[in-house]
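The values are calculated or read from the model by the stated rules, or taken from the named source; none is laboratory data. Since we're looking at a predicted model, the values are computed, not measured. Positions of Cβ are generated from backbone atoms using ideal geometry, with glycine treated the same way; all protein chains shown enter the neighbour counts.
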Amino acid sequence: MNCKMCGRLLDHTEDPLSLDCGGDCWGCVGEIEAEMGVPESPERVRDEATKGLRPNWIDPFPRAD
């Protein structure tokens, strides 16, 4: 099965963003949730971006470090 939004193969063992979130992958859902401010999502997506899993992601709520 593939993500309805981006077509990514869901639940692929070598792709940490492929987690099945009700027919869409975490790669898509995570970014949407982070932009909406869902409590845990921005930090998780930031961590994934730092690890290189989301190279094109732009943080809508950058932290002032």
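Structural remarks
- Selection of the range 20-42 for residues being modelled with pLDDT of 95 or more, among the small types (Gly, Ala, Ser) and within 14 Å of Ile58 (Cα to Cα) yields Gly27, Gly30.
- Cβ-Cβ under 9 Å pairs, at least 6 apart or on other chains, the range 52-64 side without any contact (Cβ under 8 Å) to a residue 60 or more places away in the chain, far side among the aromatic types (Phe, Trp, Tyr) and in a loop (DSSP other than H, G, I, E, B): none
- Reported count of residues in the range 9-48, each being among the polar types (S, T, N, Q), within 11 Å of the chain's Cα centre (by Cα) and surrounded by fewer than 14 Cβ atoms within 10 Å (Cβ to Cβ), is 0.
- Within the range 49-65, being surrounded by 10 or more Cβ atoms within 10 Å (Cβ to Cβ) and either modelled with pLDDT under 90 or hydrophobic (A, V, I, L, M, F, W, C) (or both) holds for Ala49, Leu53, Trp57, Asp59, Pro60.
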